[in-house]
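Asker: I have a structure I would like to understand better, so I am pasting it below and will then ask my questions one at a time.
The values are calculated or read from the model by the stated rules, or taken from the named source; none is laboratory data. It should be emphasised that the depicted structure is a prediction, and the values quoted were computed from it without experimental measurement. Counting neighbours? That spans all protein chains shown, and the Cβs are built from the backbone with ideal geometry, glycine included.
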């Protein structure tokens, strides 16, 4: 049984710490996919969470978003 098929178990994957944005004046292209390419973002609620987080970062942290694309299992964003 894969980790995603286990019942009553929380599975955590460690995020890499080596990807940092050192120059805040540069434009960055960020792309990431869900674990096992599962179609997470077909649910409007989950997509809204991402959009709400981006809006918060725009308002409170100065995030500038130039382009974005949310697909069922991955996200692209051009930002500064």
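Asker: Report, by residue number, each residue of the range 24-44 that is assigned to a strand (DSSP E or B) and closer than 10 Å to residue 72 by Cα.
Answerer: Across the range 24-44, the qualifying residue is only 33.
Asker: Taking the residues in the range 61-77 that are at pLDDT below 95 and out of contact with any strand residue (DSSP E or B) (no Cβ under 7 Å at 6 or more places or on another chain) as candidates, determine which candidate is surrounded by the fewest Cβ atoms within 10 Å (Cβ to Cβ).
Answerer: Taking the candidates together, the pick is 61.
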